[in-house]
Structure formats: C-alpha cells, structure tokens
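Here's the structure we're looking at; comments come further down.
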Amino acid sequence: MTLIELALLIAHFLHLAALVQAVGALVFLVLIVPRPLSLDSSGEEDRLRVTLGGIGRLANTSLFLSVAGALFWFLLQAMAMTGNGPVGWGSFCLVLSQTRFGEIFSLRFALLLFGAIVSVAVLRSARRAVPWPALAFLGPALLLQPWLGHGAAAENLFLPLATAFHVIAASVWLGALLPLWLTLRAAPLAGALATARFSRVGIVCVATIAATAVAQLPLIGDLPRLIGTPYGFVAGVKILLFAVLLAFAAVNRFVLMPRALAGGERGTQMLKASILGEAVAGLILLGAAAGLASLPPGAHEQPVWPFTIRPVPDLWSDVFLRDRIMRTLAPILLASGFLVAAFLSRRWRWLFTGAAIVAAFWTPSFPLKPYFRPAFPTTFQQWERVRSPVSLQQGAALFAADCAGCHASDARGRGPLATGRPVWPPNLTAPLYGRSRDGDLFWHVKHGMATGDGTPTMPAFHDRLDDDEIWMLVDFIRARASAVSLDFDGRWQVPTRAPAIVMTCREDGVTADTARPGTMLYLKAGVHDGGPSDDPIQDAAVKGQEVKLRTCTIGDDGQGSQWLLAMAVLAGTEPPNLARAGVLIDEQGWLRRLWLEPAARADVLLEAYLAARTPIIAADRHH
C-alpha cells in the first residue's frame with residue numbers, strides 16, 4: 001500500500017465515521033426522543049435536557065468534520081487520479097467537472113453542506129425544533145455514497161441501491177449508540193426508556209443491513225476469494241464484527257434493558273458498558289467498510305489459497321461421499337435432539353441424556369481424507385487472458401521445447417526422455433488431470449514436482465518461463481486434453497472454449513467475435529454447399545423453440561489461417577483436414593460440435609437447439 005493509498009483510506013474512514021455519527025445523532029433526536037420522556041425526577045429531566053443539547057452539538061460538529069473530511073478525501077482522490085502528484089487548481093477543476101466521480105461528489109458535497117447549515121440553524125434556534133429538515137439533505141447524500149465506490153461500475157441499479165440502504169441503516173444504528181450512551185450516563189431512567197424505543201428502530205436497521213449485504217456478495221466472489229484476497233479477508237472481518245454487534249444488541253435487548261427499566265443500578269451500569277462496547281465494535285466495522293471501498297473487489301482478483309488442502313469439488317454429487325455424510329449426521333442429529341429434550345424436561349432428563357449418549361456411541365467414524373484434496377497457493381487462480389490462436393501457438397512451441405521430451409508431443413507421457421525419470425511422466429490428457437484445476441498445473445510447472453522422499457520428478461521452470469508463458473503452457477495442455485476427448489460424432493466430452501478472434505465474415509462483411517458471439521455461431525472454412533445458407537442470421541423453430549443461428553464463412557486472410565491452426569490443436573488433427581470443416585460455437589464461446597465435412601442445415605439447427613437446452617456453466621469449469 002502506497003502512502004497516498006493509506007492517506008485515502010484514513011481520510012475516507014474519518015469522513016464516513018463523522019457522517020455516520022452525525023446522522024445517528026440527528027435520528028436519535030428525531031425518532032428516539034422527539035417527545036418528552038415521562039420521568040419521575042425533575043433533576044433527571046434537567047440533566048436530560050442538557051444532554052440532548054450536547055447531542056445536538058455533537059451532531060453539528062460531526063457534520064462539519066464530515067464536510068471537511070469529504071473535501072480532503074476528494075483532494076487525495078484527485079491526486080491519485082492525476083498521477084499521485086500535487087493537484088493544481090486546473091487538475092482539481094478537471095476531475096470535478098469532467099469525471100463521473102467529480103459530478104457525483106459535487107452533488108453529494110452540496111447536500112452535506114446544506115444539511116450541516118440547516119442542522120445548525122434548527123438546533124441553535126430558540127425553539128430547539130426537531131432537526132428533521134437536516135435529514136432531508138443527508139438522506140440523499142447517503143444514497144449517493146455507493147456511486148463514489150464500487151457501485152459506480154455496476155451494470156444496473158440493484159447493487160448501488162442495496163449498498164445505499166445498507167449505508168443508511170448502518171448510519172442510523174451505529175451513529176445512535178453514542179447519544180444513547182450519553183443519555184444513559186446523564187439520566188439512567190430516560191436512557192433505559194430511550195433504549196426501549198431504540199431497540200425497535202435497531203431491529204429494522206439490522207434486518208435491512210442483513211438483507212442488503214446479500215446483494216454485495218458478488219463483489220466478494222466465491223469462497224477462495226473470501227479467504228484468499230485482501231477484499232475477502234476484510235469482508236470476513238466485517239462479517240465477524242457484524243456478528244459481534246448482533247450479540248451486543250441481543251444482550252442489551254433481552255437481558256440488560258429489562259434490568260435497567262426495573263431501576264436496578266447494576267443493570268444500568270452493565271447496559272452502559274455494553275452499549276459502549278457495541279459503539280467501539282461499530283467504529284472498527286466502519287474502518288473495515290472504508291477498507292473495502294478502497295480495495296478492488298475480490299471477484300476481480302486472483303486468490304491465494306492459504307491451506308494445503310481443499311474440499312473435493314462437486315462433493316454432494318458423489319453418491320459414496322454423500323451417503324457417508326448422511327450416515328454420520330443422522331446419529332449426531334438424534335443425539336442433539338435428545339440433549340435438547342433433556343434440557344427442557346426435568347422429569348425425564350436422565351433418560352434423554354442416556355439416549356443421547358447411546359446415539360453418540362453409534363456414530364460411525366468419519367475419515368476426512370476422502371473429502372479433501374491437496375491444494376497450493378495458486379489452486380484457484382486462472383489465466384487472466386483469453387485463449388487466442390496466437391497464445392495456443394505460443395503454448396505449443398513452449399510445450400515442444402520444454403515438455404515434449406518427457407511427456408511426448410501428444411502429452412501422453414511417452415517422450416524419449418521418459419525412461420530416465422525416477423517416476424514415469426503422467427498422461428496429461430487423462431481424465432485425472434482433466435479434473436485438476438488450472439492453478440494446480442501452474443504450480444507444478446512453476447515449482448516442479450518431487451516424490452515423497454524429496455526426489456525431483458519434474459524440474460521447476462520458474463527461472464526459465466514467466467507467469468504468462470506458464471499460463472499459455474497450461475492452456476495448451478488443456479487444449480490437447482480437449483482434443484483427445486473429441487468423440488466420433490465431433491462433440492467435445494471435455495468442454496473447451498473457442499480461440500478468441502474477431503474475423504470478418506464473407507457473407508456480409510460484418511465481424512464475428514468467437515469468444516462471445518452472443519448467438520449460436522456456425523463457423524465454416526471456405527465456401528461449400530450443403531450447410532446453412534449464407535444469410536448472416538438464421539432463425540428457425542426447432543421442436544417449438546426458436547433457435548438463433550448466425551453463419552460465418554472464414555476468409556482466406558491471415559486471421560483465417562490462424563483460426564485453422566488453433567482449431568487443429570483443439571481437434572487433434574492437421575490444418576489441411578479442416579479445409580471443409582464447420583464448427584458450432586454457443587453464445588458464451590464454448591465449442592459444441594465439429595463437422596469435418598459440410599453439415600446439413602437441419603443438423604446444425606438441431607445441434608444449436610441441443611446446445612441451447614444444455615448450456616455449459618462456466619463456474620463448473622476450471623478452464
């Protein structure tokens with residue numbers, strides 16, 4: 001983390017904490033104590049009046065600190081956007097007026113400033129009116145917060161709106177804790193009554209925070225990115241802090257608040273301490289939130305897996321493993337049920353306890369080894385580039401130079417140097433390697449392999465190949481495995497993506513992107529009869545379902561030659577054998593079927609129909 005990134009994080013945290021405190025204090029004055037609390041002690045009423053005045057001053061001070069923090073944060077952000085150098089007036093105005101970030105910030109800053117002015121005017125008036133007009137400015141300012149962060153890159157309004165309500169609910173809940181603590185300290189009975197009112201507001205806030213947090217899960221990505229990226233780690237800390245806050249809130253609501261309402265001095269002291277602890281935990285959570293806003297989302301990062309094992313993929317689809325889990329869980333659940341019954345029943349407590357012991361005794365042993373596989377730091381990483389004809393050719397050249405001696409040119413492990421190795425080189429096209437992850441292969445190529453006693457079985461290539469070259473090598477190995485899986489009918493049993501190339505179709509001169517066609521694409525080499533007509537878009541009804549199909553004939557230029565070379569690798573043949581071939585690519589860029597001779601129009605439409613009915617889920621594939 002650079003110095004300016006650290007300064008940005010601190011400035012964002014201070015601005016966010018001040019704004020949350022201001023909003024929470026104003027909401028406390030508007031919703032929690034908008035009308036007099038019925039108190040028996042006139043002295044406590046006087047102390048409460050003084051305390052509410054102090055809470056108003058706290059709100060005003062926090063608002064102006066938030067305004068100053070927002071300006072400082074924007075200056076630092078402008079420095080980062082213009083190259084981490086000092087920002088002159090021209091650069092400042094450029095970022096402010098010529099960027100989406102600057103436009104949103106200008107509107108939000110104006111709302112904050114007007115909200116601060118209105119709050120001071122209302123709270124310092126002789127009538128001491130309720131400061132709800134200030135919230136009319138601060139609410140929209142909070143709604144704009146996501147558009148200054150990750151929400152600005154969202155494809156629709158769902159994520160930024162969910163984040164906005166997440167921020168508003170957190171501001172109301174966390175920002176009201178300090179005013180509540182101040183009220184309890186000055187007027188215990190008034191504070192207990194305010195706590196009872198606040199608990200109802202808090203339930204709504206907690207429910208809103210939990211519901212809107214689900215919408216932000218795509219920013220984390222998957223479990224490996226939750227564990228193995230900085231964003232995921234900070235998000236995990238935030239989730240744990242939220243659980244701590246829920247525990248504080250539950251104890252306050254169901255244990256300490258009734259004691260304080262009953263007039264117990266010890267209960268009031270414990271409630272004050274608990275609310276103060278909740279406020280501190282909330283402040284740390286705000287720091288985590290500011291950190292998340294300053295980090296790239298985990299979904300866009302390569303995860304570093306910190307463990308030496310990982311769960312078996314598709315665990316629940318394995319009948320044997322699933323059955324073992326169910327056989328183990330059944331007696332555990334039965335024993336747990338008996339223990340609950342023993343806790344609830346005094347008369348039959350010992351009987352239920354004995355039944356729980358018997359059920360636990362019959363729980364079978366549960367070996368963990370079948371449920372885990374070895375893992376490496378790069379296990380869940382993938383190549384960040386897209387497969388292309390050029391990358392496949394480069395991968396083929398690297399494989400021929402560095403791997404074919406042991407693994408052979410067909411990657412089946414029968415190279416001329418194989419007999420000199422302590423362990424016979426594996427068949428890289430075998431299903432066992434097909435089920436491994438790209439990151440595992442990357443780790444083995446980069447760091448080598450050895451037997452259990454440390455004898456090297458494959459050299460490390462980290463000093464000969466850079467990371468991008470290793471990924472190209474892994475991609476070529478995957479391509480060779482896919483070629484071996486091509487069945488007699490021309491279907492790939494191991495799903496594989498089409499090489500990415502943008503080519504101009506002969507039919508209409510319009511380009512076609514093989515990586516993301518957007519519709520079923522029938523790509524054919526050369527002009528031949530018998531296939532679909534030359535219309536660029538062919539829609540037809542197959543078994544009552546409309547199938548969109550585009551036909552594209554490859555040109556004779558350099559791109560067409562590159563495409564044939566790449567397809568020769570994926571088909572396990574020579575380019576001349578593909579001179580009259582056609583291939584079907586689905587909407588997501590997966591290769592679905594290969595015809596070595598011109599295909600009938602009905603056959604292509606039927607194959608497109610079947611491909612539409614059985615889409616390939618990218619999340620289920622490592623490559």
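The values are calculated or read from the model by the stated rules, or taken from the named source; none is laboratory data. What you see is a predicted model, and the numbers here were worked out from it, not measured in a lab. Virtual Cβ from ideal backbone geometry, glycine too; neighbours counted across all protein chains shown. Accessible surface is based on the protein model in full, side chains and every heavy atom, while ligands, DNA and RNA are left aside. Shrake-Rupley method; radii C 1.70, N 1.55, O 1.52, S 1.80 Å.
Which residue is nearest to the chain's Cα centre (by Cα), if the candidates are limited to the stretch 379-393 and must be more than 15 Å from Ser436 (Cβ to Cβ) and open to solvent by less than 30 Å² (accessible area, probe 1.4 Å)? Only one residue tops the list, namely Arg387. Close Cβ contacts (under 6 Å, 6 or more residues apart or on different chains) running from residues in the stretch 366-377 that are in contact (Cβ under 8 Å) with a residue 12 or more places away in the chain to residues that are assigned to a helix (DSSP H, G or I) and open to solvent by 50 Å² or more (accessible area, probe 1.4 Å) comprise Phe376/Trp443. Listed by first and then second residue, the pairs linking a residue in the stretch 410-421 that is assigned to a helix (DSSP H, G or I) to a residue that is open to solvent by 100 Å² or more (accessible area, probe 1.4 Å), with Cβ atoms under 7 Å apart and 6 or more places separating them unless they lie on different chains, are Ala418/Trp424. Can you pull out every residue in the stretch 359-373 that is more than 28 Å from Val304 (Cβ to Cβ) and surrounded by 13 or more Cβ atoms within 10 Å (Cβ to Cβ)? Those that are more than 28 Å from Val304 (Cβ to Cβ) and surrounded by 13 or more Cβ atoms within 10 Å (Cβ to Cβ): Ala359, Ala360, Thr363, Phe366. Only a single item in (1) free of Cβ contacts under 8 Å to residues at least 40 places away in the same chain; (2) open to solvent by less than 30 Å² (accessible area, probe 1.4 Å) is not met by Cys403, and it is number (1). Can you pull out the residues in the stretch 240-290 that are of a type in the set (A, V, I, L, M, F, W, C), under 26 Å from Leu14 (Cβ atoms) and either open to solvent by less than 20 Å² (accessible area, probe 1.4 Å) or in contact with a strand residue (DSSP E or B) (Cβ under 9 Å, 6 or more places away or on another chain) (or both)? Result: Leu245, Ile275, Ala281, Leu285, Leu286, Ala288, Ala290. In the stretch 151-162, the qualifying residues are those that are of a type outside the set (S, T, N, Q) and open to solvent by 70 Å² or more (accessible area, probe 1.4 Å), and the one that is modelled with the highest pLDDT is Leu161. Considered as a group, the residues in the stretch 297-309 that are in contact with a helix residue (DSSP H, G or I) (Cβ under 7 Å, 6 or more places away or on another chain) and within 14 Å of Leu217 (Cα to Cα) include one that is surrounded by the fewest Cβ atoms within 10 Å (Cβ to Cβ), and that residue is Ala299. Criterion applied to Ala335, Ala396, Ala342 was being of a type outside the set (S, T, N, Q), in contact (Cβ under 8 Å) with a residue 40 or more places away in the chain and surrounded by 18 or more Cβ atoms within 10 Å (Cβ to Cβ), and the one residue passing it is Ala396.
Is it fair to say Ala330 is part of a helix (DSSP H, G or I), open to solvent by 30 Å² or more (accessible area, probe 1.4 Å) and without any contact (Cβ under 8 Å) to a residue 24 or more places away in the chain? Here the answer is yes, as Ala330 does meet what is asked. Against the numbered list (1) touching a Pro at 6+ places or on another chain (Cβ under 9 Å); (2) assigned to a loop (DSSP other than H, G, I, E, B), Thr573 comes up short only at (1). Within the set Leu295, Leu261, Leu240, Leu219, the sole residue that is more than 16 Å from Ala169 (Cβ to Cβ) and modelled with pLDDT of 95 or more turns out to be Leu240.
Contact map, the stretch 346-360: first residue free of Cβ contacts under 8 Å to residues at least 12 places away in the same chain, second residue part of a helix (DSSP H, G or I) and surrounded by 15 or more Cβ atoms within 10 Å (Cβ to Cβ), Cβ cut-off under 7 Å, separation 6 or more or different chains; pairs are Arg349/Ala342. Of the conditions (1) open to solvent by 80 Å² or more (accessible area, probe 1.4 Å); (2) in contact with an Asp or Glu (Cβ under 7 Å, 6 or more places away or on another chain), Phe376 satisfies every one except a single condition; which number is it? Phe376 satisfies every listed condition except (1). Residues of the stretch 241-298 that are among the β-branched types (Val, Ile, Thr) and within 26 Å of the chain's Cα centre (by Cα): Val244, Ile284.
So that you can scan it fast, the table gives a plain yes or no per residue for (1) touching a residue at least 12 places away in the same chain (Cβ under 8 Å); (2) polar (S, T, N, Q); (3) part of a helix (DSSP H, G or I); (4) within 14 Å of Ala59 (Cβ to Cβ):
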site	(1), (2), (3), (4)
Pro133	yes, no, yes, yes
Phe137	yes, no, yes, yes
Ala152	yes, no, yes, no
Asn156	no, yes, no, no
Phe165	yes, no, yes, no
Ala170	yes, no, yes, no
Leu193	yes, no, yes, no
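When Arg310, Arg259, Arg266 are checked against the criterion of being among the charged types (D, E, K, R) and in a strand (DSSP E or B), Arg310 stands alone in meeting it.
Within the stretch 42-71, the set of residues being among the β-branched types (Val, Ile, Thr) and open to solvent by less than 10 Å² (accessible area, probe 1.4 Å) comprises just one member, Ile55.
Within the stretch 72-83, residues that are within 12 Å of Leu96 (Cα to Cα) and open to solvent by less than 60 Å² (accessible area, probe 1.4 Å) sit with their Cβ atoms under 7 Å from residues that are in a helix (DSSP H, G or I) and among the polar types (S, T, N, Q), at 6+ positions apart or across chains, in these pairs: Ala78/Ser91.
Give the stretch 587-608 a look and list any residue that's open to solvent by less than 10 Å² (accessible area, probe 1.4 Å), modelled with pLDDT of 90 or more and in a loop (DSSP other than H, G, I, E, B), or say none. The one that is open to solvent by less than 10 Å² (accessible area, probe 1.4 Å), modelled with pLDDT of 90 or more and in a loop (DSSP other than H, G, I, E, B): Gly589. For Val502, the criteria (1) within 23 Å of Asp603 (Cα to Cα); (2) of a type in the set (A, V, I, L, M, F, W, C); (3) open to solvent by 50 Å² or more (accessible area, probe 1.4 Å) hold in every case but one, which is (1).
Quick test for you: out of Asp440, Asp453, pick the one residue that is in contact (Cβ under 8 Å) with a residue 12 or more places away in the chain and not in a strand (DSSP E or B). None of the others qualify; the one that does is Asp440. Would you check if Leu148 is buried (at least 19 other Cβ atoms within 10 Å of the Cβ), touching a residue at least 40 places away in the same chain (Cβ under 8 Å) and within 27 Å of Leu48 (Cβ to Cβ)? The answer is no for Leu148. Within the stretch 456-470, if we keep just the residues that are assigned to a loop (DSSP other than H, G, I, E, B) and of a type in the set (A, V, I, L, M, F, W, C), the residue that is farthest from Ala375 (Cα to Cα) turns out to be Leu465.
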